[in-house]
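Below is one structure; the comments refer to it alone.
The values are calculated or read from the model by the stated rules, or taken from the named source; none is laboratory data. None of these values were measured; they are calculated from a predicted model. Neighbour counts are summed over all protein chains in view; Cβ atoms, including those assigned to glycine, are modelled from backbone coordinates with ideal geometry.
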Amino acid sequence: MANNENIEKFLSSCDELITGKFLVAENKIQKVLGLLAETPEVYSLVAECMEHFNRDREMGKAFVQATGGKFLCIMPDEEFKIIALVFCTLADINVGKINFMEFVKRFFSDEGDNPYKRFISLMIIPFRNLIAEAFGYPKIDLASPKPEKAGETQEETKPEDKQPVYMDEEMANKILKFPTVRNLNRVDSLVGLEKLCVVCQRICGQMLDELESMRRDSHTEELLMICYAIIMASADQDLDMLRALTYGLKYASKGVKSIKYLVRELEENIERYINALEDND
């Protein structure tokens, strides 16, 4: 069995989404994506699944309108497609490409179940379980949504014991790596980072719209992957990763006129923020 604290934190974030309330689900989705981005093993697994995943075709097959007008979610049989499909869906929800409330009500109201509970059952639990199984962790089901550890009951796990999502000392230390911001060792120096990340997610959402309307080839798929990685880095408020991926996108997107100005806008927002940090030092 894998013994990796980051994997356990990621699975715990999935469990929080599974057992949480619908009203806070979008915040929990953001946390899942953020922890996925900072867990190399999970990130690599998802990236491998995405390599052989035709996003448009599989999304079209999964979210359908049946005869009579009823909307359905039909999950794929292949495990790698489940992981890739759920990841793409969560990323689209996170950047606002999918209206979460309308999406759940439309595609998960079948058979009289609670739509959110059905969304969790069909999409999130299989996604969580496949990743858990890949690293030797136990599966869960709706009847027992969180696996117990030795000597621990579910009642003993208190909400106040959970790690904060943003701006704790550990997160700040991870962000401050590049020489340009290395000497900024106070958390209050990063005021405005959350706003920057929201802007970056919005810009990437616009780029995804443009890229998905283009002819699909290996180059387009690479650009899509970089955009999704930037979205995850933004969700995690990882300034280092966000900046590095933006540089990569700048060079990888040369010659792609449809996103030229969006890439420039993304880069300018990040550089403006970095310069502001240096000026305040």
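Yes/no matrix, rows are residues, columns are (1) aliphatic (A, V, I, L, M); (2) surrounded by 11 or more Cβ atoms within 10 Å (Cβ to Cβ); (3) at pLDDT below 90:
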residue	(1), (2), (3)
92	no, yes, no
95	yes, yes, yes
117	no, yes, no
134	yes, yes, no
149	no, yes, yes
160	no, no, yes
189	no, yes, yes
193	yes, yes, yes
196	yes, yes, yes
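Here is a yes/no grid of residues against (1) over 19 Å from residue 48 (Cβ atoms); (2) of a type in the set (Ser, Thr, Tyr); (3) in contact (Cβ under 8 Å) with a residue 12 or more places away in the chain:
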| residue | (1), (2), (3) |
| --- | --- |
| 229 | no, no, yes |
| 243 | yes, no, yes |
| 250 | yes, no, yes |
| 254 | yes, no, no |
Every residue from the range 6-49 that is among the hydrophobic types (A, V, I, L, M, F, W, C) and over 14 Å from residue 232 (Cβ atoms): 7, 11, 14, 17, 18, 22, 23, 24, 25, 49
Condition met for residue 107 (buried (at least 18 other Cβ atoms within 10 Å of the Cβ), under 17 Å from the mean Cα position of the chain (by Cα), modelled with pLDDT under 95 and aromatic (Phe, Trp, Tyr)): no
Conditions (1) in a helix (DSSP H, G or I); (2) modelled with pLDDT under 85; number of the one not met by residue 203: (2)
Count of the range 13-38 residues which are touching a residue at least 40 places away in the same chain (Cβ under 8 Å) and crowded, with 17+ Cβ neighbours inside 10 Å: 16
Qualifying positions in the range 252-278 - polar (S, T, N, Q) and either in contact with a helix residue (DSSP H, G or I) (Cβ under 9 Å, 6 or more places away or on another chain) or under 19 Å from residue 229 (Cβ atoms) (or both): 253, 258, 269
